[in-house]
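**Q** First the structure, then my questions, so here it is.
The values are calculated or read from the model by the stated rules, or taken from the named source; none is laboratory data. What you see is a predicted model; the values in this text were computed from it and never measured. Positions of Cβ are backbone-derived with ideal geometry, glycine not excepted, and every protein chain shown enters the neighbour counts.
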Amino acid sequence: MHVTSERHLDDGVIERAFTLGEIPGILWTPMSASAPVPLILLGHPPLGLRAMYPRLVRRARHAAADGFAAATIELPGSGDRPRWPAVEQARAELRRAMEAGGPVGGEITDALILPLVEKAVPEWQAALDALLALPGIGGPVGYSGGVISIGIRLAVVEPRIVAAGLFAGSLVPAAMFEEARQVTVPLHVLLQWDDEGNDRQAALDLFDAFGSKEKSLHASMGGHTGVPQSAGEDAAGFFARHLR
């Protein structure tokens, strides 16, 4: 891991940009910490860190206020990383299917999501190796948000993750439902009831498939961008219970 820049935000948070090989990332830590702190990995959709930065830094500030570090990395094929033609083609097919008003077929979903999961999850694990080697970060580790299939795979294969907060979405390959049955960590799942890009029943079926003994579904009225402030507060309480 190579730190490329460091700055102090106005609310007692240190923000460090870093690279891990070719992968850009950002780490936020509370300045007031006197001992190694827990870590939340901040997932995000494949829109690029620059586009997602305002939302990511807001989530990181909330994490720091609770005494946690937060970190994120750029997803494969996004931001300044090399283009990924096969995934870009799948995205174009997805847009055409949605503009036509028809259902999104399983072939499109598989082509879009499965390669992303296969490539991104080992990168998140490599980032976690590097982050936990830093003197100010001691774990435990939570995963929050982003592409739900990435969160599912990480929760299954990464034993250092002890809790996950996931955003419900319906672009989930059928194969991921079987992996969901293998998830055992505590889960906090957020569902926007009127999400225009989400198949509500598919999201409910996925929640039902999760094997965790402790799992909660928090449904709020409104579309994709209408997440209420209270939903964020509920998620913060979830991580406070499981990471402290």
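**Q** Filtering region 113-128 down to residues that are out of contact with any strand residue (DSSP E or B) (no Cβ under 9 Å at 6 or more places or on another chain) and of a type in the set (D, E, K, R), which residue is surrounded by the most Cβ atoms within 10 Å (Cβ to Cβ)?
**A** By that ranking, first place goes to LYS119.
**Q** Might you check whether a residue that is surrounded by 17 or more Cβ atoms within 10 Å (Cβ to Cβ) and over 16 Å from the mean Cα position of the chain (by Cα) occurs anywhere in region 38-52?
**A** Looking for residues that are surrounded by 17 or more Cβ atoms within 10 Å (Cβ to Cβ) and over 16 Å from the mean Cα position of the chain (by Cα), one finds at least one in region 38-52, hence yes.
**Q** Looking at region 106-130, I want the residues that are closer than 13 Å to GLY25 by Cα and have a partner that is crowded, with 16+ Cβ neighbours inside 10 Å and among the hydroxyl-bearing types (Ser, Thr, Tyr) with Cβ atoms under 9 Å, at least 6 apart or on another chain. Which pairs are those?
**A** TRP124/TYR143; ALA127/THR72
**Q** Just name the residue that is nearest to GLY106 (Cα to Cα) out of those in region 146-191 that are among the polar types (S, T, N, Q) and at pLDDT 95 or above.
**A** SER149
**Q** So, one more: Hey, does region 199-216 have a residue that's of a type in the set (Asp, Glu), in contact with a Phe, Trp or Tyr (Cβ under 9 Å, 6 or more places away or on another chain) and either over 19 Å from MET98 (Cβ atoms) or buried (at least 17 other Cβ atoms within 10 Å of the Cβ) (or both)?
**A** Yes.
**Q** In the list ALA175, ALA240, which residue meets the criterion of being in a helix (DSSP H, G or I), touching an Asp or Glu at 6+ places or on another chain (Cβ under 9 Å) and closer than 27 Å to SER78 by Cα?
**A** ALA175
**Q** Considering only residues that are crowded, with 22+ Cβ neighbours inside 10 Å and of a type in the set (S, T, N, Q), which ones fall in region 136-177?
**A** Those that are crowded, with 22+ Cβ neighbours inside 10 Å and of a type in the set (S, T, N, Q): SER144, SER149.
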